[in-house]
Amino acid sequence: QVQLVESGGGLVQAGGSLRLSCAASGLTVSSYAMGWFRQAPGKERESVAALIRYGDTTYYADSVKGRFAISKDNAENTVYLQMNMLKPEDTAVYYCAAGRNSYNMFATRKADYWGQGTQVTVSS
């Protein structure tokens with residue numbers, strides 16, 4: 001049974017930083033495309049960042065380029081999202097996801113497995 005468990009969300013002031021973690025079980029993050037998505041109230045789900053299978057190529061939404069970084073620790077079977085220079089518009093529930101193709105997952109916002117989400121709130 002696959003489980004993706006996010007943690008690290010919380011309340012932070014604008015300009016601050018948070019690091020989200022996604023601990024995986026039932027799959028190995030090195031064998032899957034991994035991604036982070038977010039959804040704010042009343043808005044559609046948005047792709048934030050993705051990491052390809054078997055490599056280090058990444059994709060980022062224009063709105064987070066230069067501020068967010070996705071990475072993975074194969075030994076810990078965990079994916080991270082480092083978020084710096086946070087803005088109030090980054091406020092959303094952030095979801096971790098796993099799929100077969102990072103480009104398709106990023107473009108379609110569809111994945112094989114999803115976590116339960118973690119709330120990130122950025123105050124102005």
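Values for this structure:
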{"item": "Student exercise, the chain dipole from Lys, Arg, Asp, Glu Cβ charges, in Debye to nearest 20", "result": "160 debye"}
{"item": "Full-extension gain in nm, Gln1 to Asn104, via 0.36 nm per residue minus C-alpha separation", "result": "34.7 nm"}
{"item": "Set of the stretch 64-87 residues, backbone N closer than 13 Å to the point 7 Å along the Cα-Cβ line of Thr57", "result": "none"}
{"item": "Mean accessible surface per residue for the chain, computed with a 1.4 Å probe while every protein chain stays in place, in Å²", "result": "50 Å²"}
{"item": "Neighbour-limited loop hits for GluC sites (Glu not before Pro), the stretch 1-75 (at most 12 other Cβ within 10 Å; DSSP other than H, G, I, E, B)", "result": "Glu44"}
{"item": "Rg/Rg_globular for the chain, with Rg_globular taken as 2.2 N^0.38 Å and Rg from C-alpha atoms", "result": "0.96"}
{"item": "Dipole-positive endmost among Asn74, Ala107, Tyr95 within the chain (Cβ charges, Cα centre)", "result": "Ala107"}
{"item": "Span from the the stretch 104-118 Cα centroid across to the the stretch 1-37 one, whole angstrom", "result": "12 Å"}
{"item": "Dipole of the chain, positive end: most advanced residue of Gly35, Gln119, Met83 [Cβ charges, Cα centre]", "result": "Gly35"}
{"item": "Set of lysines with alpha-carbon distance to Lys43 below 26 Å, sequence-local pairs under 8 removed", "result": "Lys65, Lys87, Lys110"}
{"item": "Charge dipole (debye, nearest 20) of the stretch 59-116; +1 at Cβ of Lys and Arg, -1 at Cβ of Asp and Glu", "result": "160 debye"}
{"item": "Mean projected area in nm² (Cα convex hull; one quarter of hull surface) for the stretch 35-98", "result": "4.5 nm²"}
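The values are calculated or read from the model by the stated rules, or taken from the named source; none is laboratory data. These numbers come from a predicted model, not from an experiment. Backbone-built Cβ (ideal geometry, glycine too); neighbour counts: all protein chains shown. We work out accessible area using only protein heavy atoms, side chains counted, and drop any ligands, DNA or RNA first. Shrake-Rupley method; radii C 1.70, N 1.55, O 1.52, S 1.80 Å.
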